[in-house]
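Heads up, the thing below is written out as structure tokens.
The values are calculated or read from the model by the stated rules, or taken from the named source; none is laboratory data. This is a predicted model, so every value here is computed, not measured. Positions of Cβ are backbone-derived with ideal geometry, glycine not excepted, and every protein chain shown enters the neighbour counts. To get the accessible areas, we keep the full protein, side chains included, count just its heavy atoms, and leave off ligands, DNA and RNA. Shrake-Rupley method; radii C 1.70, N 1.55, O 1.52, S 1.80 Å.
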Amino acid sequence: MIKLEIVPRSIHVLQNNATEISCNRPHQGEGNVTFLFALGDITQKGYEKKRAKLLAPYIPQTQGKYGISVQIKTSSSSKYHRARSGGARDERYRSDIHTEAVQAALAHHKEQKMALPMPTKRRSTFVQSPADVCTPPDTSSASEDEGSLRRQAALSAALHQSLQNAESWINRSIQGSSTSSSASSTLSHGDGKGTSGFLHFTENFSIPPDVTATTSSSSSSARPATIDLPPSGIVKGMHKGSNRASLMDTADGVPVSSRVSTKIQQLLNTLKRPKRPPLKEFFVDDFEEIVEVPQPDPNQPKPEGRQMTPVKGEPLGVICNWPPALEAALQRWGTTQARCPCLTALDVTGKPVYTLTYGKLWSRSLKLAYTLLNKLGTKNEPVLKPGDRVALVYPNNDPVMFMVAFYGCLLAEVIPVPIEVPLTRKDAGGQQIGFLLGSCGITLALTTEVCLKGLPKTQNGEIVQFKGWPRLKWVVTDSKYLSKSPKDWQPSISTAGTEPAYIEYKTSKEGSVMGVTVSRIAMLAHCQALSQACSYSEGETIVNVLDFKKDAGLWHGMLTNVMNKMHTLSVPYSVMKTCPLSWVQRVHTHKARVALVKCRDLHWAMMAHRDQRDVSLSSLRMLIVTDGANPWSVSSCDAFLSLFQSHGLKPEAICPCATSPEAMTVAIRRPGVPGAPLPGRAVLSMNGLSYGVIRVNTEDKNSALTVQDVGHVMPGGMMCIVKPDGSPQLCKTDEIGEICVSSRTGGMMYYGLTGVTKNMFEVIPVNSAGSPVGDTPFVRSGLLGFVGPGSLVFVVGKMDGLLTVSGRRHNADDIVATGLAVESIKTVYRGRIAVFSVSVFYDERIVVVAEQRPDASEEDSFQWMSRVLQAIDSIHQVGVYCLALVPANTLPKTPLGGIHLSQTKQHFLEGFLHPCNILMCPHTCVTNLPKPRQKQPGVGPASVMVGNLVAGKRIAQAAGRDLGQIEENDLVRKHQFLTEVLQWRAQATPDHTLFLLLNAKGTTVCTATCLQLHKRAERIASALYDKGHLNAGDNVVLLYPPGIELIVAFYGCLYAGCIPVTVRPPHAQNLTATLPTVRMIVDVSKAACILTTQALLRLLKSREAATAVDVKTWPAIIDTDDLPRKRLPQIYKPPTPEMLAYLDFSVSTTGMLTGVKMSHSAVSALCRAIKLQCELYSSRQIAICLDPYCGLGFTLWCLCSVYSGHQSILIPPMELESNLFLWLSTVSQYKIRDTFCSYSVMELCTKGLGNQMEVLKARGINLSCVRTCVVVAEERPRISLTQSFSKLFKDIGLSSRAVSTTFGSRVNVAICLQVSEGYLMGQTLLGTSGPDPTTVYVDLKSLRHDRVRLVERGAPQSLLLSESGKILPGVKVIIVNPETKGPVGDSHLGEIWVNSPHTASGYYTIYDNESLQADHFNTRLSFGDAAQTFWARTGYLGFVRRTELTAASGDRHDALYVVGALDETLELRGLRYHPIDIETSVSRTHRSIAECAVFTWTNLLVVVVELCGCEQEALDLVPLVTNVVLEEHYLIVGVVVVVDPGVIPINSRGEKQRMHLRDSFLADQLDPIYVAYNM
């Protein structure tokens, strides 16, 4: 009779004839169902058939749903083991119970496949590294092929199912914001049935994109030119036909009405909080206001038991013949039982190669002790004295030499510190080992000759200096190098005391290495306790598979064996790789009584079991499973027992134990008596565990953890459980806590770390009132667990593996087990998965990193990743923040081949992990984002003004000097028009040179005096009359490279009464991109004619141009290269100064082409304001390195010299590309006081000349002459660039105060410009160049609320802003609320409005949009302006601040700060963000980010980064970018796009064209390296 007992959820084998099976039963009530059926000689196949039939009602049918087939077979089936094995090697976490739970959890999700946009990547990007040859071979059998067939079937089924039903888990994770833009190569997640709801997105494209394409990414390397739009099924709370716009009301799709009024909430908060003194500013920033603190779940389980009392182990037996010290035991056996074997080493094939007897061990240890103390230095200056520390560097396959060295050190009374053999200069964690050696004061390392030869060497044969290590002297301990001790020399063996015996290194969770110091008395007492607990007796044989240098391998195999005269067979790890069954064969051959193993050894032995059937384990009385404290060990133990019970293994022989470096052996299961009942199991609720509470899992859930006990407390010890965080308060009986042990057998301290030692080794537990319980100090073990019935100890995890997310505790090992249970064989390489948490935005976030098999397909990997996310969410109720797959064998390894966790985490955070697949899910995990801001309606401009008056705030306005008060004796005042000024100069100073044009070599290629300019302008005017037959008022496009011809053509047009329009010529190498813009300006300006050079004329009519535009429809084109000399009969004079002088066309950063009209009076006023501000007169020289086509660049290049009479040295910026020194050498050569440049020129010089200071000095370049270097821009000043420039060129004389900026906009090209007049700081007059532009630090969080709050330098979330130059004479600015159009106070951010005589007259557009005209150019304030002034709106946000500086006139100086363009701001979560701030944060995150741009698309934030490193680094950027934007800006990035350098479009002024970038992204024209969709 076979009794099958079905208990909820857990399969484990009790005995060969009784199987306890537990399954998830979704439709049945709880309770036990017992089947009894008579069986004859039932075959395996028949039995499984019958069993499957019986269990069918209780197992969810998932085949065909997920491509996961749930197959339950008995654990005793060897076929089963072969099928499981392939790939998943890290079997510490293997659990059939868990696999079933995971599969059942996945089955709850109805959708066929994840409705996630799969990331796109270039095929070339990620080349898998070859699999390491030294790892055990995959022994997977046909099951893998079957699995792939199953998956294919599931895949084909999946393609027939639409995306419409993707609700459940994925809906929860997307939260209404996951979309996909260019993952066209991966739309194999369903057909395109959901496209109808969002076709309104495609109106910009001529053909709607084909979203039904199912191109497989693995087969096709071509990039299909399609664009994926968001599938309609994935936005939460929207019906298929509903309009997407309804989601846009608030940032996260929650309707506004569903929230409590913010004002009421604030009122309640104020009542709750104590009153504060009033703050200087409006905006209050509190941590609570930033972060949404998750409220505790009212239904969470709470501990209900009484407070636990410490549990005592049995007393340590008093045996008279126990030695007084371990060295005494060695001396006894070495002298009386010299022939007895002590240690046998195996060779690489697993055959015994050498046996060390007790006699040999004693004699060789003596020799070593004598050599160490007497032969290393001189008699007067010994190298080592008792109490010194030495490093033991021995390989894992040489236990004999290690044992001799260890006991030699003990006899010499020096303290051994065993460490791993360093393999390379930069081993994972090697630097920390070096730190330990340094802190222990180690100068000597003992090793073997073979090992010394194998260490990495320098060119001249010396051992390399390992990173972070102290300088070491290496001592070889092979017998032939040791001196025999004289007869009369004896080591002093005293009774064991509290002096240190040895130091065992331990790596903490953070990666730091600490030395746990073990005293001689603790070492001895621990050996005694182990001897008693394990009932060791003399002469027993013990097989040790563990590392003999530390932990249980050292305690049992090196120390306790000597105490009890036992024989250890040491099986090295390398043998286990080639022959996994070797330890079982050793047990069989030597009739070993005890074996020391880990779960992985059990698993490997099971896999190789079929190779050797005739082994017997009947001699084993103890199979000590040293990682039995791992909750997942129960499964390995059960499976091993079921397989090897037929080979004589007794169930009671399996003895799990729990150990830690600090507490040593915490608990061990005693070897059982045959026939006695086996210890119990605990089936715990994972939900309960996450709250630190023990609850037996009775609910119908998949989330259960089955744990086995690790026996009782050690003899002579005492145990208590304390809360893991805070003070060591005793837990309640049903609470999980950290296990603490009090006995003489633990470590005594961390060497040299007194503070940490006190917290770890001297813990006095306290009760709930906080008073100490007893005075016995306990040692924290670092293990989490509880004491169950019968004082059995249960361990559920480690402190190092604890992940505390939103107040709930999860165990890294549990999450690893869940990952492995999700069909990991096809994807994960040898089961290598690392789980850790990173701190992002005020909480811990879980990161899962796995090594991907070299043969895993893209589709399989993505499928596995998406399933893992589902399984972890379902079983652990926690979201995974990031899931990354890296190529096989690339994660940092520990010396024994495991994953080096802290190093992996460090690589992840620093961007050195180089994943080949990554999935970020911030939308699921980040639940503590602040609530989106609700804008308060109904606060009118009048209320704001009254509020400002009441608060004592002044209205934010400022003005330059009053033009009316400035006397100017210059004759220029007589002339209203620039043409008259030029004629007057041609007569008064005909030979005065106005312009010099330089080429790339720095030589003057062209000059123009006043008379030459006048004469050449007349020729152009004549040509316009004769050839063009133009009338006054006709528009003429000027198409010239930067130079004097452009200036001549401009004045020629004015002389003829035509309206010039300067346009940048097309780029000959890039006609398709640049010529359409030229064509557009020609068409929009309705130009009657084009003036240009011969070369450009040919280009405009070339065949290449014909492919980009229609060349036949150009207006008349006049080539001005060789015009005849002809005097103009009369020069046109406009009837009024308000007549149009020229049109200024420019493309804004948002991609808008706008032309503004400049009148003659505005031109004169502009030139006059610049002349006064910069003190320009005819004896001055200025150098201009700017584009001359629009804005202030055009004004300075073409207009100012004629008006003021100064000489302009013109340097075309494109010439700098071939000669970086050109601009600076010109400034130095001509001793220029004032120079103008753009940010692009400054950046070019900073990057290109930064490391060429010596060359600059050698060329004699000196910038001490420069008074002002003005950067011309229409944006926020780039302080970091200007400061870098100033610091860099300080060495060649540039004054730190020379660099300043300007500010202009489309409506007024020059609002602020270089400070020039004298300034008073207190009573001191600062020189004529004025002070540094004032800088302020403002709070970024306030800025998002349109508030300005000044903070100190270094304050968190602070932003450094610089004033944008001094306001020009005659200019007034006021800061206005862009919505209400009312003036705002000093502490508000608002739109900058300007009033000045040189404001443009209006927009020049085809349709003359009058409403826009009135709104931008002739606007009045809605309140508070009695004078009814007309203002122009600049479209830029800024604020005004009164500074401490006073002008020479005695007035206080008001500084204008520009923050950014209104059109470019991103409205997200109800707050206003400036792209540049997010971009600055992103650019800092990784050295390989060359440039960055952000934009929004359907309320998703898209970040585009240019990668200047190798393409392997592309995926490293995804988590870094997501982290930094979340941390610093409280935003979740929706899409991260990694592109090649130069992809982000930048205009001639150096400004990013974000809207062009967005259009290219949506049209799938970026050719990205990688696109990641954050879910």
- prompt: Tell me, which residue of the range 846-883 that is of a type in the set (D, E) and surrounded by fewer than 24 Cβ atoms within 10 Å (Cβ to Cβ) is nearest to D813 (Cα to Cα)?
  reply: D873
statement: In the range 327-337, anything open to solvent by less than 40 Å² (accessible area, probe 1.4 Å) and either under 58 Å from the mean Cα position of the chain (by Cα) or without any contact (Cβ under 8 Å) to a residue 40 or more places away in the chain (or both) is listed as E327, A328, A329, L330, G334
message: If a residue must be free of Cβ contacts under 8 Å to residues at least 60 places away in the same chain and either in contact with a Lys or Arg (Cβ under 6 Å, 6 or more places away or on another chain) or open to solvent by 10 Å² or more (accessible area, probe 1.4 Å) (or both), how many such residues does the range 556-567 contain?
response: 1
message: Residue pairs, Cβ under 8 Å, 6 or more apart or interchain, first in the range 1128-1139 and in contact (Cβ under 8 Å) with a residue 60 or more places away in the chain, second in a loop (DSSP other than H, G, I, E, B). List them.
response: Y1132/A1032; Y1132/G1057; K1133/F977; P1134/F977; P1134/G1057; P1137/Q976; P1137/F977; E1138/S1401
statement: Those residues of the range 1265-1279 which are free of Cβ contacts under 8 Å to residues at least 60 places away in the same chain and either outside any loop (DSSP other than H, G, I, E, B) or surrounded by fewer than 23 Cβ atoms within 10 Å (Cβ to Cβ) (or both) amount to C1265, C1269, V1271, R1278
Answer from L1361, L1320 - the residue that is in a strand (DSSP E or B) and at pLDDT below 90: L1320
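Take the residues in the range 338-358 that are in a strand (DSSP E or B) and polar (S, T, N, Q), then tell me which one is surrounded by the fewest Cβ atoms within 10 Å (Cβ to Cβ).
It comes out as T355.
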field: Checking E1045 against (1) at pLDDT 95 or above; (2) closer than 21 Å to A1108 by Cβ; (3) open to solvent by 40 Å² or more (accessible area, probe 1.4 Å); (4) not β-branched (V, I, T), the condition it does not meet
entry: (2)
task: Provide a single number: the residues in the range 1155-1171 that are β-branched (V, I, T) and surrounded by fewer than 23 Cβ atoms within 10 Å (Cβ to Cβ).
output: 1
query: Out of the range 1376-1401, which residues are without any contact (Cβ under 8 Å) to a residue 40 or more places away in the chain and in a loop (DSSP other than H, G, I, E, B)?
result: E1379
- request: For C340, indicate whether it is over 22 Å from D488 (Cα atoms) and over 52 Å from the mean Cα position of the chain (by Cα).
  value: yes
field: Tally, over the range 1225-1252, of residues that are part of a helix (DSSP H, G or I), under 40 Å from the mean Cα position of the chain (by Cα) and surrounded by 15 or more Cβ atoms within 10 Å (Cβ to Cβ)
entry: 9
- line: The residue from P324, P303, P315, P298 that alone is assigned to a loop (DSSP other than H, G, I, E, B) and either open to solvent by less than 40 Å² (accessible area, probe 1.4 Å) or in contact with a strand residue (DSSP E or B) (Cβ under 6 Å, 6 or more places away or on another chain) (or both) is P303
- request: Identify all residues within the range 483-518 that are in contact with a helix residue (DSSP H, G or I) (Cβ under 8 Å, 6 or more places away or on another chain), of a type in the set (D, E) and open to solvent by 10 Å² or more (accessible area, probe 1.4 Å); write none if there are none.
  value: E499, E510
- line: Note: among S574, S570, just one is buried (at least 24 other Cβ atoms within 10 Å of the Cβ) and either polar (S, T, N, Q) or free of Cβ contacts under 8 Å to residues at least 12 places away in the same chain (or both), namely S570
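Check every one of the strands (runs of 3 or more DSSP E) wholly within the range 521-599 and list those with 2 or more residues that are closer than 19 Å to L361 by Cβ and not aliphatic (A, V, I, L, M).
541-544, 567-570
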Residue within the range 768-776 that is under 16 Å from C731 (Cα atoms) and surrounded by 16 or more Cβ atoms within 10 Å (Cβ to Cβ) present: yes
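Condition first: at pLDDT below 85, of a type in the set (A, V, I, L, M, F, W, C) and under 22 Å from S535 (Cβ atoms). Can you find one or more residues in the range 620-638 that meet it? Can you show your working first?
Pass one, the range 620-638, residues at pLDDT below 85: 628-632.
Applying the additional criterion that residues be of a type in the set (A, V, I, L, M, F, W, C) yields 629, 632.
If we keep only those that are under 22 Å from S535 (Cβ atoms) as well, we get 629.
Checking the range 620-638: at least one residue is at pLDDT below 85, of a type in the set (A, V, I, L, M, F, W, C) and under 22 Å from S535 (Cβ atoms).
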field: Set L1186, L1222, L1199: member being open to solvent by less than 10 Å² (accessible area, probe 1.4 Å) and within 23 Å of E980 (Cα to Cα)
entry: L1199
Boolean, V710 is in contact with a strand residue (DSSP E or B) (Cβ under 7 Å, 6 or more places away or on another chain), modelled with pLDDT of 90 or more, more than 26 Å from V816 (Cβ to Cβ) and surrounded by 22 or more Cβ atoms within 10 Å (Cβ to Cβ): no
Strands (runs of 3 or more DSSP E) contained entirely in the range 1471-1575, each with at least 3 residues that are more than 24 Å from P932 (Cα to Cα) and open to solvent by 10 Å² or more (accessible area, probe 1.4 Å): 1489-1497
- request: Considering only the range 600-618, state which residues are open to solvent by 20 Å² or more (accessible area, probe 1.4 Å) and in a loop (DSSP other than H, G, I, E, B).
  value: Q612, R613, D614, S616, S618
field: Among the candidates P679, P656, residue that is touching a residue at least 24 places away in the same chain (Cβ under 8 Å) and in a loop (DSSP other than H, G, I, E, B)
entry: P679
message: Looking at (1) surrounded by fewer than 15 Cβ atoms within 10 Å (Cβ to Cβ); (2) outside any helix (DSSP H, G or I); (3) modelled with pLDDT of 90 or more, which one does K426 not meet, given that it meets all the others?
response: (3)
field: Residue selected from the range 985-1009 under the condition more than 14 Å from T1226 (Cβ to Cβ) and in a loop (DSSP other than H, G, I, E, B), by the criterion most open to solvent (accessible area, probe 1.4 Å)
entry: D991
query: Within the group Y1132, Y1142, which residue is open to solvent by 30 Å² or more (accessible area, probe 1.4 Å) and among the aromatic types (F, W, Y)?
result: Y1132
